[in-house]
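The block underneath contains the structure these notes are about, expressed in structure tokens.
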Amino acid sequence: MPTRLRIDPERRETLIAELQTLYRDELDEEISAFRAEQIFDLMINTLGPGIYNQAVQDVRAHLQGKLDDLDGEVYFDGDTE
């Protein structure tokens with residue numbers, strides 16, 4: 001069974017409120033907190049894993065670039081002059 005993404009409860013509450021604000025301001029539609037939670041959960045479960053995996057790949061590529069640069073920075077060829 002895949003690991004579920006965990007969102008801090010306080011952060012989750014803030015994001016759900018932002019979703020309600022988005023619906024009200026951009027779509028001229030009021031949605032309940034319950035409906036906003038359903039939409040939020042759908043988005044997290046559908047989009048979250050792909051976004052998370054892409055972020056991990058981006059960090060991995062960035063760190064690999066830093067490690068590759070490290071070889072040039074600390075390489076010692078034995079010449080003391």
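The values are calculated or read from the model by the stated rules, or taken from the named source; none is laboratory data. All figures in this text were calculated on a predicted structure; none of them were measured in a lab. With ideal geometry, Cβ positions are generated from the backbone for all residues, glycine too; neighbour counts draw on all protein chains shown.
General remarks:
- Of residues in the stretch 1-23 being among the hydroxyl-bearing types (Ser, Thr, Tyr) and under 26 Å from ASN53 (Cα atoms), the one modelled with the highest pLDDT: THR14
- Verdict on LEU27 being within 22 Å of TYR52 (Cα to Cα) and of a type in the set (A, V, I, L, M): no
- Tally, over the stretch 1-51, of residues that are among the polar types (S, T, N, Q) and either surrounded by 14 or more Cβ atoms within 10 Å (Cβ to Cβ) or touching a Leu at 6+ places or on another chain (Cβ under 9 Å) (or both): 2
- Residue list for the stretch 24-45, filter: polar (S, T, N, Q) and at pLDDT 95 or above: SER32, GLN38
- Some residue of the stretch 33-44 being within 18 Å of ILE7 (Cβ to Cβ), under 12 Å from the mean Cα position of the chain (by Cα) and part of a helix (DSSP H, G or I): yes
- Annotation note: Cβ proximity below 7 Å between a residue of the stretch 29-46 that is farther than 13 Å from GLU18 by Cα and touching a residue at least 60 places away in the same chain (Cβ under 8 Å) and a residue that is surrounded by fewer than 12 Cβ atoms within 10 Å (Cβ to Cβ) and not hydroxyl-bearing (Ser, Thr, Tyr) (sequence gap 6+ or interchain) occurs for no pair.
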